[in-house]
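Accompanying notes for the structure given below.
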Amino acid sequence: MRLLFKFFRAYPWQSALMLFALLLAGIAEGISLSALLPLLSIALDQGGAQDGSAESRDGAEDEGMDLEAMVREFLASVGVSPTLGVLLTIVVVGIIVKNLLVLLARKQIGYTAAQVTTDLRLALLRAVLDSRWEYFLRQPAGRMANAMTTESMRAADAYVYGTTMIARMIEALVYISIALMVSWHATVAALLAGGIVLVVTYALVRMAKRAGKRQTKLLVSLISRLTDTLQSVKPLKAMGREELADNVLASETKRLNKALQKEVLSKASLMAIQEPLFVILVSIGIYIALVQWEMGAATVLMLVVLLGRIMGQMGKIQRWYQKMVTAESAFWSLNRTTEEARQETEVWQGTHPPRLAQAIHLEDVSFSYGDKPVLRDISMTLPKGRLTTLTGPSGAGKTTVVDLVTGLLTPQSGTVLLDETPLSEIDLHQWRRRIGYVPQENLLLHDSVLNNVTLGDPELTEADAEYALRAAGAWEFVSEMPQGMHSTVGERGARLSGGQRQRIMIARALAHRPELLILDEATSALDPRSEAAICETLKKLRGQLTMLAISHQAALIEAADHVYQLHGGSCRRIETLQEAAIR
């Protein structure tokens, strides 16, 4: 129930509207059911004349007559005769009104469930995007993908199951209220017997809850492995090693399947056990009411309807509760992931506006990932308006230098400065807004050239996109495409060559007119001709903006104004390609 309280606090007015509609629906059904007893009395010729006149009743005193008398007296007070037609009308109208109100409640439940899914996804997305870079690097992509898709959907399902359970509870309370007016001792006995059934079958609810937790845990593992595997399909197929991926995923899938089987078994068993037990209890109750308590036929029929519905609702309440506890583990898992990311929120301490008039300096900077030192007291200068290239073996710390310059990482010792101002004193959000970043990976969308350059930023116009495309040396081939910059580039830019894709990526980085352009192995996958063309583009940008490139390629080293080689945690400035080849 803790889950429902959390949802009701998060969506107060939606929950209030839903509960109010369900309450009115219950009242409408109660009115309909109240008219049923005098209707049965008339049908069985036990209620006196159809014109509603009060006649003496023969036989033993019948508890149900209290409710019947109340209904008749109420109708008489409003000047309505309790005829067969009137009573049937009350029953039919009550049911119609009840179902209209239930429709309103269910619509509200559906709308709120959709909002739950959206809000949970956005909360996680914002928390992750606001988190520290070091935290983000540690997170498996599959875990986040599973939380955004599977867990958010299952969490919304838990809300639907829980609110449906509440709807059944309200209906059950209405039936119990009417039944108490018909025969309080029969109703109490039925509730006690039904409670015993629920206690006996609760073990199946716990079984489903454990299966749900197991599913949540296994889905995180499976989706994480699946994400990693799909990124490695090509090399696995090329080496004829597909069975390795199959073995890993098959094992995870089989474990998940066992958890699903337990959930199915518990749900099916609960339904299979509940129904015959409730039927037995109702049958015993009918026998006692007719033989032991000598109730009238109309009263017994009314109790059969009411107690049958009460038992049915008690069973449904438990089954919906079972569904809710099966799915709620996904919500708590997603909630933990979101809270964990929020605890790792990046702290913005600097307030000075960024200003780059001379150079970016790294002075005696050291950085370690845990116990693994990457940089030890390195110093370098990135002059404004120049191209500086970082080279060195994998793991030497080139990307770490870039992350330090962008403020994604903070040095354990030493200082990163913009001109003479430490980066720690600068508003990092503003600084990053002045950076253009070109990654090694091809991140083109299956969309138009325009949207790939602007990424849908409403502040960027077609003129901005054209400027960026021209600056990146891409305007010539883009203007020749069938629809110009409105032409679609295909999945991951499949309609473009490697060099053309990279130019679009550079144009994306230039569209907002940055002061610093970073190229992270941006030419490593290009042929020499395309690489040379990109280098020519960068040379044309010299003087317009500061450029920092990571590269093992000779062309970018030759094109650079300054080259720094990183190796073994140290850094040295080199002047020639021959020096770059010497460790």
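The values are calculated or read from the model by the stated rules, or taken from the named source; none is laboratory data. Because the structure is a prediction, the values reported are computed rather than measured. Positions of Cβ are backbone-derived with ideal geometry, glycine not excepted, and every protein chain shown enters the neighbour counts.
What the table shows:
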read-out	value
Yes/no for VAL248 being modelled with pLDDT under 80, surrounded by fewer than 18 Cβ atoms within 10 Å (Cβ to Cβ), under 31 Å from the mean Cα position of the chain (by Cα) and not small (Gly, Ala, Ser)	yes
Qualifying residue in the stretch 221-229 (condition: surrounded by 20 or more Cβ atoms within 10 Å (Cβ to Cβ) and either modelled with pLDDT of 80 or more or under 19 Å from the mean Cα position of the chain (by Cα) (or both))	yes
Some residue of the stretch 515-534 being charged (D, E, K, R) and buried (at least 22 other Cβ atoms within 10 Å of the Cβ)	yes
Evaluation of GLY498 against (1) farther than 15 Å from ALA555 by Cα; (2) in contact with a strand residue (DSSP E or B) (Cβ under 9 Å, 6 or more places away or on another chain); (3) of a type outside the set (Phe, Trp, Tyr) (one fails), failing number	(2)
Among the residues listed as THR388, THR415, THR381, the single one being in a strand (DSSP E or B), of a type in the set (Val, Ile, Thr) and farther than 29 Å from ALA554 by Cβ	THR415
Test: residue in the stretch 363-383 that is buried (at least 17 other Cβ atoms within 10 Å of the Cβ), small (Gly, Ala, Ser) and on the phi > 0 side of the Ramachandran plot	no
Test: residue in the stretch 433-446 that is at pLDDT below 85, of a type in the set (S, T, N, Q) and in contact with a strand residue (DSSP E or B) (Cβ under 7 Å, 6 or more places away or on another chain)	yes
Filter result for GLU441 (within 30 Å of HIS361 (Cα to Cα), acidic (Asp, Glu) and either free of Cβ contacts under 8 Å to residues at least 12 places away in the same chain or in contact with a Cys (Cβ under 6 Å, 6 or more places away or on another chain) (or both))	yes
Checking ILE176 against (1) touching a helix residue (DSSP H, G or I) at 6+ places or on another chain (Cβ under 7 Å); (2) in contact (Cβ under 8 Å) with a residue 40 or more places away in the chain; (3) farther than 21 Å from ILE27 by Cβ; (4) not aromatic (Phe, Trp, Tyr), the condition it does not meet	(3)
Pick from the stretch 475-496, criterion small (Gly, Ala, Ser) and within 12 Å of ASN452 (Cβ to Cβ), ranking: surrounded by the most Cβ atoms within 10 Å (Cβ to Cβ)	GLY493
Conditions (1) loosely packed, with under 15 Cβ neighbours inside 10 Å; (2) modelled with pLDDT under 90: number failed by GLN318	(1)
Residues that are part of a strand (DSSP E or B) and polar (S, T, N, Q), drawn from the stretch 350-378	SER366, SER368
Which numbered condition GLY473 fails, given (1) over 29 Å from the mean Cα position of the chain (by Cα); (2) modelled with pLDDT of 85 or more	(2)
Flag for THR326 being of a type in the set (Val, Ile, Thr) and more than 30 Å from LEU122 (Cβ to Cβ)	no
Single match in ARG138, ARG132, ARG121 (criterion: surrounded by fewer than 14 Cβ atoms within 10 Å (Cβ to Cβ) and either closer than 27 Å to LEU408 by Cβ or of a type in the set (Phe, Trp, Tyr) (or both))	ARG138
So THR461, is it over 30 Å from GLU363 (Cα atoms), surrounded by fewer than 17 Cβ atoms within 10 Å (Cβ to Cβ) and β-branched (Val, Ile, Thr)	yes
In the stretch 159-208, residue surrounded by the fewest Cβ atoms within 10 Å (Cβ to Cβ) [restricted to those that are polar (S, T, N, Q) and part of a helix (DSSP H, G or I)]	SER177
Test set (1) under 29 Å from ALA554 (Cβ atoms); (2) of a type outside the set (D, E, K, R); (3) crowded, with 18+ Cβ neighbours inside 10 Å - GLY308 fails condition number	(1)
Residue among LEU265, LEU270, LEU290, LEU307 that alone is under 17 Å from THR187 (Cα atoms) and modelled with pLDDT of 75 or more	LEU307
Matching option when the condition is outside any loop (DSSP other than H, G, I, E, B), without any contact (Cβ under 8 Å) to a residue 60 or more places away in the chain and not basic (Lys, Arg), among ALA549, ALA532	ALA532
Of residues in the stretch 94-118 being at pLDDT 85 or above and more than 27 Å from MET324 (Cβ to Cβ), the one surrounded by the fewest Cβ atoms within 10 Å (Cβ to Cβ)	ILE96
Check on ILE557, assigned to a helix (DSSP H, G or I), at pLDDT below 85 and buried (at least 23 other Cβ atoms within 10 Å of the Cβ)	no
